[in-house]
Amino acid sequence: METPVSQARLILASGSPRRRELLAYFGLPFAVVPSDAEENASGSGLERVAALARLKGAEVFQKYPSLPVLSADTLVCLDDQVLGKPLGEADAFRMLTLLSGRWHSVYTGVCLRTPDGRIRERVETTRVKFRYASPGEIVRYVNTGEPMDKAGAYAMQEIGGIFVERIEGSPTNVIGLPLAAVATLLQAAGILPGDEVTQ
């Protein structure tokens, strides 16, 4: 559940509403402090999400070194092309046209920094198959505005789910926070989901 920093056991270094909703499933009191880190990284999609998750977490951890900080970054990759958030409607149309009828990969890097100086990291990969979508369908979807702040220009858990034919891997990874991977990191750090006992 989302709380002020003074009551939190964890900080989520992301302003994403989807990540906030997913992290709330654990029942841990957490505060949201979006990172102001510049999102500049090079390399493959896998390398970029790992580097960006680390950068985001480091920036927020400097402000709150007494609390664990969880950060994440998600990218969509088609072959060797990295598809981030679209620059506008034409870019969203271009990305969705590229994805139509094809498999692509969704990578999310997750980083957990703890006050003891430890950094625990995971990169999760999910394969997603789009059905063929006509140009008219794509235009209608772009006109909803939904693709504008989404990596790869779609949201599987919302209207964009109409394009998703099949997935291999974590569904929540495609939404932006792979829950099983996050649970593993939290448990390794002793921040066990559901470990609070009510007296």
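The values are calculated or read from the model by the stated rules, or taken from the named source; none is laboratory data. Since the structure is predicted, the reported quantities are computational estimates derived from the model, not experimental observations. Cβ sites come from the backbone with ideal geometry, for glycine too, and all protein chains shown count toward neighbours.
The condition (being among the β-branched types (Val, Ile, Thr), at pLDDT 90 or above and within 24 Å of ARG140 (Cβ to Cβ)) is satisfied by just one residue among VAL32, VAL60, VAL76: VAL76. Against the numbered list (1) hydroxyl-bearing (Ser, Thr, Tyr); (2) out of contact with any Leu (no Cβ under 7 Å at 6 or more places or on another chain); (3) under 20 Å from THR184 (Cβ atoms), TYR25 comes up short only at (2). Mind telling me which of the residues ALA155, ALA189 ends up being in contact with a Ser or Thr (Cβ under 6 Å, 6 or more places away or on another chain), surrounded by 15 or more Cβ atoms within 10 Å (Cβ to Cβ) and among the aliphatic types (A, V, I, L, M)? The match here is ALA189.
Inspection of region 1-14 identifies at least one residue that is in contact with a helix residue (DSSP H, G or I) (Cβ under 8 Å, 6 or more places away or on another chain), hydrophobic (A, V, I, L, M, F, W, C), surrounded by fewer than 14 Cβ atoms within 10 Å (Cβ to Cβ) and closer than 21 Å to ILE191 by Cα. Going by the conditions given, is GLU168 surrounded by fewer than 18 Cβ atoms within 10 Å (Cβ to Cβ) and at pLDDT below 95? No: the conditions fail for GLU168.
The set of residues from region 16-63 being touching a residue at least 24 places away in the same chain (Cβ under 8 Å), farther than 17 Å from THR74 by Cβ and of a type outside the set (Val, Ile, Thr) comprises TYR25, PHE26, GLY27, LEU28, PRO29, PHE30, ALA31, ALA58, GLU59, PHE61, LYS63. Do the conditions hold for TYR107, that is, is it touching a residue at least 40 places away in the same chain (Cβ under 8 Å) and assigned to a helix (DSSP H, G or I)? Against the criterion (touching a residue at least 40 places away in the same chain (Cβ under 8 Å) and assigned to a helix (DSSP H, G or I)), TYR107 does not qualify.
Output yes when any residue across region 40-63 is under 13 Å from ARG113 (Cβ atoms), aromatic (Phe, Trp, Tyr), part of a loop (DSSP other than H, G, I, E, B) and out of contact with any Leu (no Cβ under 7 Å at 6 or more places or on another chain), and no when none is. Looking through region 40-63, none of the residues is under 13 Å from ARG113 (Cβ atoms), aromatic (Phe, Trp, Tyr), part of a loop (DSSP other than H, G, I, E, B) and out of contact with any Leu (no Cβ under 7 Å at 6 or more places or on another chain).
Looking at (1) of a type in the set (S, T, N, Q); (2) surrounded by 15 or more Cβ atoms within 10 Å (Cβ to Cβ); (3) closer than 30 Å to SER6 by Cβ, which is the one condition that is false for SER100? All conditions pass for SER100, except number (3). Evaluation of GLU89 against the conditions (1) surrounded by fewer than 18 Cβ atoms within 10 Å (Cβ to Cβ); (2) at pLDDT below 95 shows that the sole unmet condition is (2). Restricting region 129-152 to residues that are touching a residue at least 12 places away in the same chain (Cβ under 8 Å) and of a type in the set (Lys, Arg), the residue that is surrounded by the most Cβ atoms within 10 Å (Cβ to Cβ) is LYS150. Filtering ARG122, ARG127 for residues that are within 14 Å of the chain's Cα centre (by Cα), among the basic types (Lys, Arg), within 21 Å of ARG19 (Cα to Cα) and not in a helix (DSSP H, G or I) leaves a single hit, ARG122.
The residue list LEU75, LEU22, LEU28 contains one member that is surrounded by 14 or more Cβ atoms within 10 Å (Cβ to Cβ), in a helix (DSSP H, G or I) and among the aliphatic types (A, V, I, L, M), which is LEU22. Being modelled with pLDDT of 95 or more, in contact with a Gly (Cβ under 8 Å, 6 or more places away or on another chain), under 28 Å from LEU10 (Cβ atoms) and surrounded by 15 or more Cβ atoms within 10 Å (Cβ to Cβ) holds for only one residue in ARG120, ARG113, and it is ARG113.
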